[in-house]
Amino acid sequence: MSPVRRGPGSHDPTTRDALLQAAAQIMVEEGYAAATTRRIAARADVKPSLVHYYFPTMDDLFLQLFRRGAATRLARQKAALTSEHPLQALWEAGRDPGETALIWEFSALANHRKAIKAELAAHTERSRELQTEALSAVLREHGITPDALPPAAAAFLLQAVSTLLVLETQLGLSAGHTETAALIDQFLRHLHTTDSPAATPPRIDD
């Protein structure tokens, strides 16, 4: 009988989770290039051989780490999009520094690992679809037509601006951040407090 090939995550879940958490911490703190077998093992306080025992290749480890994070992000996104104020919740969720930093590292890693690139693209498309579908209903409820503010554009802008704010903050940049955040916050507050639908997006200086 042929031996059964050991696959990722087929053993003690506590050790597996510790290795994934160690990899995530290193990627956020020092970048994906620092997440080597030895560094991950040292952070998790295990022998280096255990890393390959649970994850035969580094691609296996990175994929499992990304998929775990992607599942968590989608769950949070769905919760935000079904909350009382979905646009505000989505905007705030996108400003999580740790989450944004990890996604940024995976984006950089995707340039060198095809499996990660494919996984990242699929997750981003799924996430954008969910956002666009939910925002279509929200904007429609407020009388904002797709011509005035396309739902796909609203989803993209909220995600892009929140991500850029976090990344620039981590670089020590802050010019325009306060004004941009205040502009979006004011727009969202206007939507939440408007009693009657408007045919077009509200003016920021209302």
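Picking from 43, 39, 68, 73, which residue would you name as being among the basic types (Lys, Arg) and either within 30 Å of residue 187 (Cα to Cα) or touching a Pro at 6+ places or on another chain (Cβ under 9 Å) (or both)?
None of the others qualify; the one that does is 73.
Scan the stretch 102-121 residue by residue and report those that are surrounded by fewer than 18 Cβ atoms within 10 Å (Cβ to Cβ), assigned to a helix (DSSP H, G or I) and touching a residue at least 12 places away in the same chain (Cβ under 8 Å).
Selection gives 107, 108, 115.
Here's the yes/no breakdown for (1) modelled with pLDDT under 95; (2) more than 30 Å from residue 94 (Cβ to Cβ); (3) in the same structural domain as residue 119 (by TED's automatic domain parsing):
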{"residue": "1", "(1), (2), (3)": "yes, yes, no"}
{"residue": "24", "(1), (2), (3)": "no, no, no"}
{"residue": "27", "(1), (2), (3)": "no, no, no"}
{"residue": "35", "(1), (2), (3)": "no, no, no"}
{"residue": "45", "(1), (2), (3)": "no, yes, no"}
{"residue": "63", "(1), (2), (3)": "no, no, yes"}
{"residue": "73", "(1), (2), (3)": "yes, no, yes"}
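Sort out which residues of the stretch 28-41 are part of a helix (DSSP H, G or I) and closer than 21 Å to residue 13 by Cβ, and write them in order of number.
Matches in the stretch 28-41: 37, 40, 41.
Any residue in the stretch 53-62 that is surrounded by 14 or more Cβ atoms within 10 Å (Cβ to Cβ), touching a helix residue (DSSP H, G or I) at 6+ places or on another chain (Cβ under 9 Å) and not in a helix (DSSP H, G or I)?
yes
Could we say that residue 174 is modelled with pLDDT of 90 or more and closer than 21 Å to residue 78 by Cβ here?
So residue 174 fails the test.
State the number of residues belonging to the stretch 159-186 that are among the hydroxyl-bearing types (Ser, Thr, Tyr) and either more than 27 Å from residue 31 (Cα to Cα) or not assigned by TED's automatic domain parsing to the domain that holds residue 97 (or both).
Result for the stretch 159-186: 2.
Among the residues of the stretch 58-106, how many are among the hydroxyl-bearing types (Ser, Thr, Tyr) and under 17 Å from residue 119 (Cα atoms)?
Residues flagged as among the hydroxyl-bearing types (Ser, Thr, Tyr) and under 17 Å from residue 119 (Cα atoms) within the stretch 58-106 amount to 2.
The values are calculated or read from the model by the stated rules, or taken from the named source; none is laboratory data. Predicted model, so just to flag it, every value in this text is computed and none were measured. Every residue, glycine as well, gets a Cβ built from its backbone with ideal geometry; the counts of neighbours run over all protein chains shown.
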